[in-house]
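Take a look at the structure set out below.
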Amino acid sequence: MIFCAGLGTRLRPLTDTMPKALLPLAGKTLLQWQVERLRDAGISDIIVNVHHFPDMIIETIRRHDGWGCRINVSDERDRLLDTGGGLRKAVMGYGLRETGEPILACNVDILSNINLQALIHAYAQTGVSQLVVSERQTQRYLCFDERNHLCGWTNIATGELKGRDGRRLAFSGMQLLSEEVLERLDEMEEEKFSLIDFYVHLCAQNHQSPITNDQSSLMAYVPADYRMMDVGKIDQLSEAERFAASLV
């Protein structure tokens with residue numbers, strides 16, 4: 001799943017007339033960059049969620065025949081559901097939990113050089129959901145215990161800590177989630193919620209349980225030689241253009 005429903009407020013005025021997903025970089029839109037990266041890793045069934053200028057995204061997918069992939073659309077034009085709510089709507093709408101397959105979910109505006117086959121292999125070896133993280137400086141971190149399992153979240157700027165502290169790693173907006181984790185999305189009472197809120201909820205529930213269920217745990221995945229860029233600010237577009245070109 002590619003999250004494409006965001007308003008792209010930090011990219012205004014460009015996103016006053018187009019969705020962030022269709023922002024052009026080095027000859028391709030952000031959406032095309034993501035779809036082709038997934039396709040080249042052997043992933044051909046994709047869902048995108050839409051809210052801001054949804055018809056432009058749908059028409060672009062149609063015009064390019066999904067860049068060789070089967071792309072379905074989860075329509076959020078009536079209400080933006082954030083990443084957690086958006087994933088749950090897509091999962092329920094397309095019956096994805098019944099397949100028993102994991103789901104790789106990523107943000108449309110984060111480009112990277114990640115080897116997706118290596119990520120998929122890490123999941124296959126452990127059977128545990130993988131959160132793509134890295135050792136970079138930011139304000140908000142995911143916290144991992146001695147087993148490399150998620151145990152909390154912290155904002156070092158405010159001192160806020162949810163769950164337990166541990167090894168602090170920066171989240172990249174990409175995750176490979178097991179069927180067991182996807183089933184637990186229903187534990188969230190709100191319709192709109194972020195995946196970070198969901199992960200903190202899982203930490204709390206798993207910590208309270210006398211028997212740890214590894215199938216609903218979340219592990220840190222730190223890619224080798226990882227380079228990534230969040231294409232989120234208009235004053236960084238020249239740098240983003242160079243970064244995208246370097247991925248070819």
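Of all helices (runs of 4 or more DSSP H) completely enclosed by region 99-209, which ones contain at least 2 residues that are outside the structural domain of residue 247 (by TED's automatic domain parsing) and aromatic (Phe, Trp, Tyr)?
195-208
Of the residues 226, 199, only one is surrounded by fewer than 18 Cβ atoms within 10 Å (Cβ to Cβ) and modelled with pLDDT of 90 or more; which?
Residue meeting the stated conditions: 226.
Suppose we keep only residues that are loosely packed, with under 15 Cβ neighbours inside 10 Å and either β-branched (Val, Ile, Thr) or part of a loop (DSSP other than H, G, I, E, B) (or both) within region 65-95. Which one would you say is farthest from the chain's Cα centre (by Cα)?
The qualifying residue farthest from the chain's Cα centre (by Cα) is 78.
Out of (1) at pLDDT 95 or above; (2) among the polar types (S, T, N, Q); (3) in contact with a Gly (Cβ under 7 Å, 6 or more places away or on another chain), what's the single condition that is false for residue 175?
Checking residue 175 against (1) at pLDDT 95 or above; (2) among the polar types (S, T, N, Q); (3) in contact with a Gly (Cβ under 7 Å, 6 or more places away or on another chain), the one that fails is (3).
Return the residue satisfying two criteria in turn: it lies in region 114-135 and is surrounded by 15 or more Cβ atoms within 10 Å (Cβ to Cβ) and among the polar types (S, T, N, Q), and of such residues it is farthest from residue 23 (Cα to Cα).
Filtering first and then ranking leaves 126.
Just the residues that are touching an Asp or Glu at 6+ places or on another chain (Cβ under 7 Å) and farther than 12 Å from residue 88 by Cβ, please, taken from region 185-203.
201, the sole residue that qualifies.
The values are calculated or read from the model by the stated rules, or taken from the named source; none is laboratory data. All figures in this text were calculated on a predicted structure; none of them were measured in a lab. Positions of Cβ are generated from backbone atoms using ideal geometry, with glycine treated the same way; all protein chains shown enter the neighbour counts.
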